[in-house]
Each structure stands twice: as structure tokens, then as C-alpha cells.
Amino acid sequence: MSQEYETLIVEQEGSVAVIQINRPKALNAINTQVLIDLEAAMRAIHADSSVKAVVLTGAGEKSFVAGADIAEMSDFTPLDGVDFGNRGQRVFGLIANGPKPVIAAVNGFALGGGTELALACDFIYASEKAIFGLPEITLGINPGFGGTQRLPRAVGQKMAMELVLTGDKVDAAEALRIGLANKVCPPEELLAAAKKTAAKIASYGARAVTFAKENVNHSTEWELERGLAVEVRVFGVLCSTHDKAEGMKAFLEKRKPEFKDY
Ligand code: DAK
């Protein structure tokens, strides 16, 4: 967690890691170096048991991530495009399917790859100044970091179709209305709100949190019967843990539980 990154600022506050994407001159656009750094940071966080939740945001006041880096992509050969896409899918997969919860704190522009990055997170808190959208169609391409797959799962197929085909942007209030953002905050309160929720989740037993995240993810990937079958078995496994015994004992003794993550 003490590692330095060229394009990220990573800090730890208690059990919460805060990752800021830090290329403000390019409105935090995602280039190859951002993907390299994000992959390394997520792997370091997964390996560090002192980190139990993550907040992902953009440096500066204007932008979360204004998309994949158009200047870099403009020179891509087809194979560059494949490499960039594969790296992106790997990184976004580490966020979406990794063991630790990740909250996107969307502080400004979240366009193209920015909306896609936020969608890869477990849920989204947005500043009143946030702007979301998938404008790839206006550049002659299609969303390549999961936007055509994760946006319909978040807001429904028809709403996602309109946003993908028009490239229209939506503000924070509309993002809240369609279920893209969970909460909208004044800009100066956004990070504190995301950190507060992350700290709350981090206060629970890490195994229960990881299994619960996996189970909820199954709900959109698997058929119901399979998801239910795994859910009940996961419950059975958690019944063997210290944290289940402690959580229930603490309730009955009317005190705060002391979870140990096993
Ligand atoms: N890439 C590179 N630079 C960017 C950028 C971007 N996406 N967005 C902004 N910048 C740069 C600008 O070029 C400008 O640089 P300088 O001219 O100062 O050197 C600086 O950031 C400030 O931007 P503006 O001067 O434009 O600022 P404004 O306030 O006037 O406008 C804006 C802000 C966010 C509305 C505007 O910058 C804008 O429209 N940006 C582009 C938004 C966009 O189209 N985003 C989607 C990009 S496409 C794939 C996987 C994923 C993807 C593709 C393929 N594979 C599987 C291979 C994803 C594609 C995308 O995300």
C-alpha cells in the first residue's frame, strides 16, 4: 500500500483505501499507464488484509475520468486495440469481481471509459456536478470497457440502448433517477460520504462481505436456481466462522461485535 504510482494517488485511512486517478491535465483520461497502475494497485489492495474497502475517484475538481485517452487511441493499430481492451477488461474485472468492495465517487465528468469504470465498481455515489455518458458512438467506435454489458444491467436495456446509441450525457439527478447512481451529494461532501459508507462496510467481517458481493454479482450473471443454491451453501460456510458466532453472540448480549475476518 505504500507504493508510488505514476498516474494514481493511493492513500489508506483506517481500513479504507482511496484511489485517485491523477491525470488532471487530461481530465484523468485512461491511458495504458493508468491501466497498468490500476492493475498493480488493485492487486496490492487484494493482497493487503488491512484494507477492507476501496473508494475510487478522480483527482481535481472537474473530472472523475473523461474516457479512454483519445490521443493515445488515435494511433492504435488493431493489435494495440486488442492489447488495450484485454488490459482494460482485466483491470475492470479485478474491481468488479475482486474480493473487496469498491465504491465509485464520481466527482465530475464520467464519460466513455469513465462511466464504464464507475459501472465496474460495486456502486456509485455522484457529486451534483457529475456528468455520465457513453459518447463512443460520436467517435465512430463502440464502448469497449464493458459499457454495452454493464449499463443495461444497471439501468435496464431500453434506457441503456438510448444512451449507447445517442451518446447523450446525463447529469447526476438523472443518473440517480435511472438507478445509475445510488446517491447524489454536494461536491464538497462526496468523498466523505463515500468514505463513510466504505468504513461502515469495512467494519463488518471481511469474509461475509466478500461472499455477499459475489452472491449479488451472481444475480445478474447466473440463473436464479444456481444463484440460490450457491447462496445457501455460502451461508453454510459462514456458519463455521468466528464472525458468525461473534455477530450473533454480540446481538444477544446487546453489544458491538468484534469481527476478526475469519
Ligand atoms: N482523452 C484524452 N484527452 C482528453 C479526454 C480524453 N477522453 N477528455 C479530455 N481530454 C483533454 C482535452 O484534450 C484537453 O487537453 P488540452 O487541449 O488542454 O491539452 C483537456 O483534457 C481539457 O479538456 P477540454 O478543454 O475539452 O475541457 P472542456 O471542459 O472544454 O470539456 C469534456 C470537457 C469532458 C466535455 C471534453 O473534454 C470531452 O468531450 N472529452 C472527451 C469525452 C469523450 O468523448 N470520452 C469518451 C472517450 S472514448 C476500448 C475500450 C474502451 C474504450 C475504447 C476502446 N477497447 C476495448 C480497445 C473507451 C473509449 C472512450 O472512453
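The values are calculated or read from the model by the stated rules, or taken from the named source; none is laboratory data. Note that the structure is predicted; figures quoted are calculated from it, not measured. So basically every Cβ, Gly included, is an ideal-geometry build from the backbone, and we count neighbours across all protein chains shown. Just the protein is used for accessible areas: all its heavy atoms, side chains included, with ligands, DNA and RNA removed. Shrake-Rupley method; radii C 1.70, N 1.55, O 1.52, S 1.80 Å.
Being within 10 Å of the ligand (Cβ to nearest atom), without any contact (Cβ under 8 Å) to a residue 12 or more places away in the chain and small (G, A, S) is a property that does not hold for S63. Could you list all residues from segment 28-46 that are assigned to a helix (DSSP H, G or I), touching a residue at least 40 places away in the same chain (Cβ under 8 Å) and under 22 Å from M73 (Cβ atoms)? Residues satisfying the conditions are T32, L35, I36, L38, E39. Only one entry of A173, A229, A199 meets the criterion of being out of contact with any strand residue (DSSP E or B) (no Cβ under 9 Å at 6 or more places or on another chain), open to solvent by 30 Å² or more (accessible area, probe 1.4 Å), assigned to a helix (DSSP H, G or I) and among the hydrophobic types (A, V, I, L, M, F, W, C), and that entry is A229. Listed by first and then second residue, the pairs with beta-carbon distance under 6 Å, at least 6 apart or on different chains, first residue in segment 1-14 and open to solvent by less than 100 Å² (accessible area, probe 1.4 Å), second modelled with pLDDT under 95 and part of a loop (DSSP other than H, G, I, E, B), are Q12/M1. Answer with yes or no whether V184 is open to solvent by 20 Å² or more (accessible area, probe 1.4 Å), touching a strand residue (DSSP E or B) at 6+ places or on another chain (Cβ under 6 Å) and in contact (Cβ under 8 Å) with a residue 24 or more places away in the chain. So V184 fits the description; yes. Taken over segment 124-167, the criterion of being closer than 22 Å to G108 by Cβ, polar (S, T, N, Q) and surrounded by fewer than 17 Cβ atoms within 10 Å (Cβ to Cβ) is satisfied by T138, T166.
Which residues, counting only those in segment 88-123, are near the ligand (Cβ under 9 Å from one of its atoms) and either surrounded by fewer than 19 Cβ atoms within 10 Å (Cβ to Cβ) or within 20 Å of C185 (Cα to Cα) (or both)? Passing the criteria: Q89, G108, F109, L111, G114, T115.
Residue check, H46 against (1) within 16 Å of the chain's Cα centre (by Cα); (2) crowded, with 19+ Cβ neighbours inside 10 Å, all met but one. Which one? It fails just one condition, (2).
Please state which one of V237, V209 is assigned to a helix (DSSP H, G or I) and surrounded by fewer than 14 Cβ atoms within 10 Å (Cβ to Cβ). Can you show your working first?
On the way: V209 fails: surrounded by fewer than 14 Cβ atoms within 10 Å (Cβ to Cβ).
Result: V237 is the single residue among V237, V209 that is assigned to a helix (DSSP H, G or I) and surrounded by fewer than 14 Cβ atoms within 10 Å (Cβ to Cβ).
Quick check on F259: is it among the aromatic types (F, W, Y), touching a Phe, Trp or Tyr at 6+ places or on another chain (Cβ under 7 Å) and either modelled with pLDDT of 95 or more or not in a helix (DSSP H, G or I) (or both)? The answer is yes for F259. Can you give me the number of residues within segment 124-164 that are farther than 10 Å from L180 by Cβ, more than 10 Å from the ligand (Cβ to nearest atom), among the small types (G, A, S) and in contact with a strand residue (DSSP E or B) (Cβ under 9 Å, 6 or more places away or on another chain)? Within segment 124-164, residues that are farther than 10 Å from L180 by Cβ, more than 10 Å from the ligand (Cβ to nearest atom), among the small types (G, A, S) and in contact with a strand residue (DSSP E or B) (Cβ under 9 Å, 6 or more places away or on another chain) number 1.
Residue pairs whose Cβ atoms lie under 6 Å apart, sitting 6 or more positions apart in sequence or on different chains, and linking a residue in segment 139-161 that is assigned by TED's automatic domain parsing to the domain that holds N31 to a partner that is in a loop (DSSP other than H, G, I, E, B) and within 13 Å of the ligand (Cβ to nearest atom), are P143/L134; G147/L134.
Within segment 49-61, can you find the residues that are buried (at least 24 other Cβ atoms within 10 Å of the Cβ) and under 10 Å from K100 (Cα atoms)? Lay out the reasoning, then the answer.
Here is the first cut: in segment 49-61, the residues buried (at least 24 other Cβ atoms within 10 Å of the Cβ) are 52-58.
Across segment 49-61, the qualifying residues are K52, A53, V54.
Looking only at residues that are within 15 Å of the chain's Cα centre (by Cα) and open to solvent by 10 Å² or more (accessible area, probe 1.4 Å) in segment 15-43, which one is nearest to the ligand (Cβ to nearest atom)? Filtering first and then ranking leaves E39. Under the condition of being over 29 Å from A160 (Cα atoms) and open to solvent by less than 20 Å² (accessible area, probe 1.4 Å), the residues counted in segment 187-196 number 0.
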